[in-house]
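The values are calculated or read from the model by the stated rules, or taken from the named source; none is laboratory data. No experiment lies behind these values; they were computed from the predicted model shown. Because the Cβ atoms are built from the backbone with ideal geometry, glycine has one as well, and the counts that use them run over all protein chains shown.
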Amino acid sequence: MTQAVLETEGLSVRFGGHVAVDNVTSTFHAGELTAIVGPNGAGKTTYFNLISGQIPASSGRVKLLGEDITRNSVADRCHKGLGRAFQLTNLFPDLTVQENVRLVVQAHRNRGFSLFSMADTHIDLMTGAMAVLERVRLDTLKDKKVSELSHGNQRKLEVAMLIALDPRVYMFDEPTAGMSADEAPVVLDLIAELKSERDRTILLVEHKMDVIRTLADRIIVLHNGALAADGDPVQVMASDVVQEAYMGRELEDV
């Protein structure tokens with residue numbers, strides 16, 4: 001087995017007397033898409049927040065390529081190769097689509113993250129931004145302000161910004177939440193394309209079982225913050241205890 005790209009070792013967080021994530025140990029490798037599932041309140045997004053640094057761990061460790069990053073800042077984790085897309089879009093609403101992506105390309109190339117140089121003086125940065133926008137089918141909307149975009153296109157733009165970071169680990173938190181049936185396939189196709197490259201690690205928090213069946217190489221199930229199951233999607237989803245206790249009506253709906 002190749003070296004783990006990302007690891008959590010006994011990762012836990014407590015809010016007062018409530019244990020939101022409880023001693024979760026897991027290992028993630030390049031070329032693998034892992035779906036993290038479970039009922040509402042299971043700790044999925046909190047586990048993501050611990051990995052990406054939005055909240056500090058009460059105990060345990062997060063390691064990236066063997067390096068302990070448990071106490072590193074969000075920005076430092078991003079610089080080291082952790083990329084995170086959120087349930088709620090995290091964009092600059094008053095800037096154009098192209099300007100949003102250009103800022104990320106600029107930061108990724110270590111030229112700073114400046115809002116004060118928005119003219120097309122850096123042709124290579126604009127070219128890099130356009131290449132990403134073409135990949136996510138937003139090139140025709142490059143001059144629109146983000147605030148004028150539909151929710152679905154804002155989600156696509158967030159994926160574009162994540163791709164522009166070129167991270168070692170992609171973290172998607174319900175990437176199609178709130179998207180229409182017409183909009184969702186574009187984002188899912190992008191994730192499938194990233195997976196096909198086989199050199200990145202992808203973590204996906206998702207509750208739509210059809211999406212998981214299509215994309216996941218592996219499923220992790222969280223329940224009350226603890227690791228309840230981890231393995232091959234077919235075996236995990238066929239487990240009676242997982243279907244009854246952890247997936248609830250969602251599997252019945254499918």
Lone unmet requirement of (1) in contact (Cβ under 8 Å) with a residue 40 or more places away in the chain; (2) of a type in the set (S, T, N, Q); (3) not in a loop (DSSP other than H, G, I, E, B) for Thr27: (1)
Qualifying residues in the range 7-30 (those that are more than 20 Å from the chain's Cα centre (by Cα) and over 14 Å from Leu50 (Cβ atoms)) - the one surrounded by the most Cβ atoms within 10 Å (Cβ to Cβ): His18
Filtered residue count, the range 129-154, keeping only those that are under 17 Å from Ala164 (Cα atoms) and either at pLDDT below 85 or in a loop (DSSP other than H, G, I, E, B) (or both): 4
Residues within the range 37-70 that are touching a Ser or Thr at 6+ places or on another chain (Cβ under 9 Å) and buried (at least 17 other Cβ atoms within 10 Å of the Cβ), tallied: 7
Number of the condition not met by Arg84 [criteria: (1) closer than 17 Å to Ala229 by Cα; (2) part of a strand (DSSP E or B)]: (1)
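I need the full set of residues from the range 1-19 which are in a strand (DSSP E or B) and of a type in the set (Val, Ile, Thr), in order please.
The answer is Thr8, Val13, Val19.
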Some residue of the range 81-99 being surrounded by 14 or more Cβ atoms within 10 Å (Cβ to Cβ) and farther than 21 Å from Arg155 by Cβ: yes
Lone unmet requirement of (1) modelled with pLDDT of 90 or more; (2) in contact with a Leu (Cβ under 7 Å, 6 or more places away or on another chain) for Phe113: (1)
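Just to be sure before I move on: is Leu215 farther than 20 Å from Thr46 by Cα, outside the structural domain of Pro93 (by TED's automatic domain parsing), at pLDDT 90 or above and buried (at least 17 other Cβ atoms within 10 Å of the Cβ) in the structure I sent?
yes
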Cβ pairs under 6 Å, 6+ apart, first in the range 49-70 and on the phi > 0 side of the Ramachandran plot, second of a type in the set (Asp, Glu) and at pLDDT 95 or above: Gly60/Glu9
Single match in Val234, Val159 (criterion: more than 23 Å from Leu6 (Cα to Cα), at pLDDT 85 or above and either assigned to a loop (DSSP other than H, G, I, E, B) or of a type outside the set (D, E, K, R) (or both)): Val234
Pair list, Cβ < 7 Å and 6+ apart or interchain, from the range 92-105 residues that are under 11 Å from Lys142 (Cβ atoms) to residues that are surrounded by fewer than 17 Cβ atoms within 10 Å (Cβ to Cβ) and aromatic (Phe, Trp, Tyr): Asn100/Phe92
Candidate set from the range 87-110 (those that are of a type in the set (A, V, I, L, M, F, W, C) and in a helix (DSSP H, G or I)); member that is modelled with the lowest pLDDT: Ala107
